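The next block holds one structure in the form of structure tokens; read it before the comments.
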Amino acid sequence: MFSRKNKLLLLKILSLFSVIRGYNILMIVLAQYLASIYILAPDLPLKEVILDLNLFVIVVVSSLVIAGGYIINNFYDAEKDLINKPRKSMLDRLVSQRTKLTTYFVLNFISVFLASYVSFRAVLFFSAYIFGIWFYSHKLKKVAFLGNVVSATLAITPFFAVFVYYKNFDTVIFVHALFLFLLILTRELIKDLENIAGDLAQNYKTIPILYGVTFSKACITILMVLTLVPSLLLIEYFDIGYMYLYFIACIFFQIGFLILLIKANSKKHYVWLHAILKLIILTGVFSILLIDIDLVLNRILH
């Protein structure tokens with residue numbers, strides 16, 4: 001049996017894992033490696049990509065910076081989250097604000113130190129990324145639309161780091177990136193609808209608060225329709241293997257999303273819409289494997 005002290009320690013570890021959203025970071029790590037193998041460096045041998053120490057360091061540094069980003073975001077949103085996410089907020093509060101800040105600075109210091117192994121440019125890149133996350137959490141998050149765009153940009157930055165490393169400028173990569181960016185931007189606007197109560201209490205100038213729910217839904221609808229463009233382009237004009245099945249499925253999910261959006265009028269509805277977008281993004285990570293199914297089968301058989 002665990003002693004009371006050990007139980008408290010375990011709860012604090014779970015609390016910190018909740019704050020840094022460890023499950024999200026694990027998915028980003030997987031997505032970076034799959035994108036590297038199948039999209040960014042498809043001509044390199046699988047072993048060479050997986051065992052690339054520079055890529056490993058870039059992925060680790062990205063994870064540390066993202067974890068620090070979640071911590072500083074949680075630090076600034078502590079009061080708002082008490083209203084919007086009371087259960088998660090109670091778990092997150094098991095770790096003191098001082099401990100969170102200390103962890104934030106330690107993670108960022110380690111990330112910059114590790115980035116120096118790759119190159120000085122990597123140090124500059126990740127230092128700018130750290131500053132961008134802090135500035136977004138401190139200032140830009142409260143600015144309508146600009147905050148949403150910056151948040152979506154910061155979310156795809158880890159993939160940009162790998163993209164720069166491999167220096168692959170194929171058009172298909174930009175189309176994939178556009179699809180992901182538009183999906184994440186749509187998710188950010190849905191989160192604003194989901195979190196109206198807390199945002200209003202903390203004087204956040206989000207789109208739903210400034211312009212109303214109807215206008216927000218119109219913006220989301222436009223973004224979702226725009227997301228269909230890269231989906232159709234990837235299906236019709238690029239060689240993406242069996243991944244085209246994923247984008248066909250996405251079109252149906254997006255149509256269903258728009259139908260539900262029209263009917264949505266409560267936080268519960270917006271939570272469901274948010275879940276649909278998360279499902280599309282999550283399945284998108286694993287669907288990267290479909291780009292070259294022969295590579296997957298060969299690794300299983302050998």
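The values are calculated or read from the model by the stated rules, or taken from the named source; none is laboratory data. Predicted, not measured: the structure shown is a model, and the values here were computed from it. Here the Cβ positions follow ideal geometry from the backbone for every residue, glycine too, while neighbour counts run over all protein chains shown.
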- Item | Which listed residue, of L94, L124, L101, is outside any helix (DSSP H, G or I) and either modelled with pLDDT of 90 or more or closer than 16 Å to F17 by Cα (or both) | L94
- Message: List the helices (runs of 4 or more DSSP H) inside the range 1-85, counting only whole elements, that have at least 2 residues being at pLDDT below 80 and out of contact with any helix residue (DSSP H, G or I) (no Cβ under 8 Å at 6 or more places or on another chain).
- Response: 4-20
- Item | Enumeration of residues in the range 272-289 that are more than 15 Å from F179 (Cβ to Cβ) and touching a helix residue (DSSP H, G or I) at 6+ places or on another chain (Cβ under 6 Å) | L273, H274, I276, L289
- Task: Looking only at the range 101-114, decide whether some residue is more than 22 Å from D192 (Cα to Cα) and touching a residue at least 60 places away in the same chain (Cβ under 8 Å).
- Result: yes
- Going through the range 162-177 one residue at a time, which ones are free of Cβ contacts under 8 Å to residues at least 60 places away in the same chain and either in a loop (DSSP other than H, G, I, E, B) or aromatic (F, W, Y) (or both)? K167, F169, D170, F174
- What number of residues within the range 146-171 satisfy the criterion of being of a type in the set (A, V, I, L, M) and at pLDDT below 90? 1
